[in-house]
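Here is the structure we will look at.
Bear in mind that the values in this text are calculations on the coordinates, not laboratory data. Keep in mind that what you see is a predicted model, and the values were worked out from it rather than measured. Note: ideal-geometry Cβ built from the backbone for every residue, glycine included; neighbour counts use all protein chains shown.
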Amino acid sequence: MTASSLGSAAFSHPAVGRLGLDWSFLTCAADPDQQLITLTAESGTPSHGRLRLLASRAGPGRAGRRLRCGGRPVTDRRAGPAGGV
């Protein structure tokens, strides 16, 4: 995966209120038609706590799903697809 663009945005969520999040738009190098947008909050901020609250409401089995890029699992976000290709 390669970062195509980065930024920040504010959201208003009905259950937890205002979220100030950083986003990255990632493109799969092996298949540019596959894209992923990530939203994160800086650790220790009110937005981080609110995002953790939302994650806890997702229920079991929602977190930790395996990402795939070009048909191969992504094992490390810095290394790209499995095998470092």
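Structural remarks
- Model label zone, SER5; criterion: amide N under 16 Å from point 7 Å along Cα-to-beta-carbon; scope region 30-46: 35-39
- Inter-label distance, nm, simple model (7 Å from Cα along the C-beta direction), ALA55/SER12: 2.6 nm
- Counted charge near SER12, where neighbours are those whose Cβ lies closer than 13 Å (Asp, Glu -1; Lys, Arg +1): +2
- The listed peptides 32-38, 16-22, ordered by packing as a protection proxy, come out as 16-22, 32-38 (highest mean of other Cβ atoms within 10 Å first).
- Remark: spin-label model distance GLN35-TRP23 equals 1.1 nm, labels positioned 7 Å along the Cα→Cβ axis.
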